[in-house]
């Protein structure tokens, strides 16, 4: 993954780039080296398997979405309960995907990182 790929991903929403950079920095500090892959609709973070994603998924109605945001998605073995979670689905038994809209660097906090760290452990343990 090159920095150029990340810049291209944020080409249409450059104001959201600092949110991504803050999240990527936290992942690096708290989880360690991971593989980051920039795709057309999302940026994935993985160890053996993907455990977190950054995207612009419309998890809220357009009038309820701030102008500048990213969505951080992660997978857990259970449904996490929090008013911060915009959506949670169970695509497979005991595999819950959670989506959280982030519009301020302050929202990339300890609570979010606990979930992301848990997701990285859960992902690393998958067969």
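Semi-axes of the equivalent ellipsoid of the chain are 21, 18, 13 Å, computed as sqrt(5λ) over the eigenvalues of the C-alpha gyration tensor in descending order. Working from label points 7 Å from Cα in the Cα-to-Cβ sense, the residue 81 to residue 49 distance is 2.5 nm.
Fully extending the segment from residue 121 to residue 11, taken as 0.36 nm per residue of separation minus the present Cα-Cα distance, adds 36.4 nm. Panel order for 103, 73, 55, by other beta carbons found within 10 Å of each beta carbon, from fewest to most: 103, 55, 73.
Judged by the mean number of other Cβ atoms found within 10 Å, the most tightly packed of the peptides 81-92, 37-48 leads the ranking 37-48, 81-92. By the count of other C-beta atoms within 10 Å, a proxy for reagent exposure, 108, 70 are ordered fewest to most as 108, 70.
FRET efficiency for the residue 90 to residue 4 pair, using the beta carbon distance and R₀ = 35 Å, is estimated at 0.45. When shorter helices are ignored and each DSSP H run of at least 4 residues is given -39500 (n - 2.57), the per-residue value for the chain at 222 nm works out to -9000 deg cm²/dmol.
The relative contact order of segment 73-115, computed from alpha carbon pairs under 8 Å that lie at least 6 residues apart in sequence, is 39 percent.
No lab work stands behind these numbers, since they all come straight from the coordinates. All values reported here derive from a predicted model rather than from experimental measurement. Note: ideal-geometry Cβ built from the backbone for every residue, glycine included; neighbour counts use all protein chains shown.
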